Amino acid sequence: MTVSSGTRRQPSLSQLRAFVAVAEHLHFRDAASAIGMSQPALSGAVSALEEVLGVTLIERTTRKVLLSPAGERLAVRARAVLDEVGALMEEAEAVRAPFTGALRLGVIPTVAPYLLPTVLRLVHDRYPHLDLQVHEEQTARLVEGLGAGRLDLLLLAVPLGVPGVVELPLFDEDFVLVTPLDHWLGGREGIPREALKELNLLLLDEGHCLRDQALEICREAGRADAPVTTTAAGLSTLVQLVAGDLGCTLLPRTALKLETTRSSQLLTGSFAEPAPSRRIALAMRTGAARGAEYRELAAALREAMRALPVRVLDLDA
């Protein structure tokens, strides 16, 4: 009669542990002592495993214990099973203990260079057992990765308006106008948004949320056409194009210090209140198992980011 795999008896972990101990020590008394079992219990567990598997694992003689050929092969498998069970228990322990194990954080390119130093310093100081893994991608890819389970948490501009995603707002930051040295708006304060209607505005490539935000600001200023003649893949390139007198651009205030100090051919101007701005948040899956941790991390980040040129949001923002 053939016994299906669904009804076949399965080895127990106790049986596997006893067999591996005997395979390692080749001595029943030493093996029993190593795993804290009595010698009769260990012998019985090995015999029960042989019965379950239907093979002889141990060759017993009056003088010594030897592994059978089948025992040699199956001892490798048994060790692997026990190793995997140990890894499973370690992972479960990490899940039970907050801020341990891996956290896969997705970050957009117009945030990563300017906020990651604060994020990494906070994680290093406050959550030393957290294995933070950073992935820099554009918004669409990040949201896709969050939904697919490839990423755990996102740091990006919102609102996303994506079902199944919870946003944890961190702060708002103003946009600043960056111009060449001889531009008539360079260095001015209280610039009206309507001035954007007349500018040769340089933008990021398609796919960057900052490009879409800049276009929306232009539409709000009354500019109907798309003011795009030259684009760039990153903010550093945009700023260099401005320094080369090809036009002006908009930078989030957190990027200003890093990007504009690379050239002496730039000036910055601030907009009249209310200045155009963007909101940065963490985003997680609705019902995320580690949701409480992510909310605590968001609160810690709000405090850490008070030193930045941003308007930190309250917990109930």
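Return the pair list, or none, for Cβ contacts closer than 8 Å from residues in the range 31-56 that are within 16 Å of A78 (Cβ to Cβ) to residues that are among the β-branched types (V, I, T), at least 6 apart or on different chains.
So the pair list comes out as A31/V22; L42/V22; L42/I35; V46/V22; V46/I58; E50/T56; E50/I58.
Run down R295, R253, R302 and say which single residue is of a type in the set (D, E, K, R), crowded, with 18+ Cβ neighbours inside 10 Å and within 30 Å of E93 (Cβ to Cβ).
Values: R295 fails: crowded, with 18+ Cβ neighbours inside 10 Å; R253 fails: within 30 Å of E93 (Cβ to Cβ).
Being of a type in the set (D, E, K, R), crowded, with 18+ Cβ neighbours inside 10 Å and within 30 Å of E93 (Cβ to Cβ) holds for just one of R295, R253, R302, which is R302.
In the set G244, G269, G222, which member is more than 23 Å from the chain's Cα centre (by Cα) and at pLDDT below 85?
Numbers: G244 fails: at pLDDT below 85; G269 fails: at pLDDT below 85.
One residue alone meets the criteria, G222.
Mind listing whichever residues of the range 62-104 are over 30 Å from L156 (Cα atoms) and among the polar types (S, T, N, Q)?
T62, S68 - these are the residues of the range 62-104 that are over 30 Å from L156 (Cα atoms) and among the polar types (S, T, N, Q).
Just to be sure, is E259 more than 20 Å from P109 (Cβ to Cβ) and out of contact with any Lys or Arg (no Cβ under 8 Å at 6 or more places or on another chain)?
On the way: more than 20 Å from P109 (Cβ to Cβ): no; out of contact with any Lys or Arg (no Cβ under 8 Å at 6 or more places or on another chain): yes.
No.
With a cut-off of at least 1 residues that are of a type in the set (G, A, S), name the strands (runs of 3 or more DSSP E) lying wholly within the range 91-190. Give the derivation first.
Values: elements: 101-107, 130-136, 153-158, 165-180.
In the range 91-190, the matching strands (runs of 3 or more DSSP E) lie at 101-107, 153-158.
On the given criteria, is T139 open to solvent by 10 Å² or more (accessible area, probe 1.4 Å) and polar (S, T, N, Q)?
Working: open to solvent by 10 Å² or more (accessible area, probe 1.4 Å): yes; polar (S, T, N, Q): yes.
Spelling it out, T139 is indeed open to solvent by 10 Å² or more (accessible area, probe 1.4 Å) and polar (S, T, N, Q).
When both residues are 6+ apart or on different chains and their Cβ atoms are under 6 Å apart, which pairs have a first residue that lies in the range 269-294 and is within 14 Å of L146 (Cβ to Cβ), and a second that is outside any loop (DSSP other than H, G, I, E, B) and of a type in the set (D, E)?
Taking only residues 6 or more apart or on different chains, the pairs are A281/E167; A283/E167.
Conditions tested, residue by residue: (1) open to solvent by less than 40 Å² (accessible area, probe 1.4 Å); (2) of a type in the set (A, V, I, L, M).
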residue: H25; (1), (2): no, no
residue: V46; (1), (2): yes, yes
residue: R63; (1), (2): no, no
residue: A80; (1), (2): no, yes
residue: E93; (1), (2): no, no
residue: R104; (1), (2): no, no
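Which condition does D245 not pass, out of (1) touching a Leu at 6+ places or on another chain (Cβ under 9 Å); (2) open to solvent by 20 Å² or more (accessible area, probe 1.4 Å); (3) at negative phi, if it passes all the others?
Exception for D245: condition (3).
Restricting the first residue to the range 154-176 and requiring it to be farther than 20 Å from L116 by Cα, which pairs with a second residue that is in a strand (DSSP E or B) and open to solvent by less than 20 Å² (accessible area, probe 1.4 Å) meet a Cβ separation below 6 Å and a spacing of at least six or different chains?
Going by the 6 Å Cβ cut-off, the qualifying pairs are V165/A283; V166/M284; V176/L251.
Residues of the range 13-56 being over 24 Å from L88 (Cβ atoms) and part of a loop (DSSP other than H, G, I, E, B), which ones? Give the steps one after another, and end with the answer.
Filtering the range 13-56 down to residues over 24 Å from L88 (Cβ atoms) leaves 25-30, 32-33, 38-41, 43-44, 47, 50-51, 54-56.
Hits for the range 13-56 are L26, H27, S38, G54, V55, T56.
When you check L153 against the structure, is it touching a Gly at 6+ places or on another chain (Cβ under 8 Å) and open to solvent by less than 30 Å² (accessible area, probe 1.4 Å), yes or no? I'd like the intermediate steps shown before the answer.
Details: touching a Gly at 6+ places or on another chain (Cβ under 8 Å): yes; open to solvent by less than 30 Å² (accessible area, probe 1.4 Å): yes.
For L153, the condition - touching a Gly at 6+ places or on another chain (Cβ under 8 Å) and open to solvent by less than 30 Å² (accessible area, probe 1.4 Å) - is met.
The values are calculated or read from the model by the stated rules, or taken from the named source; none is laboratory data. Keep in mind it's a predicted model, so treat the numbers as computed, not measured. Backbone-built Cβ (ideal geometry, glycine too); neighbour counts: all protein chains shown. Just the protein is used for accessible areas: all its heavy atoms, side chains included, with ligands, DNA and RNA removed. Shrake-Rupley method; radii C 1.70, N 1.55, O 1.52, S 1.80 Å.
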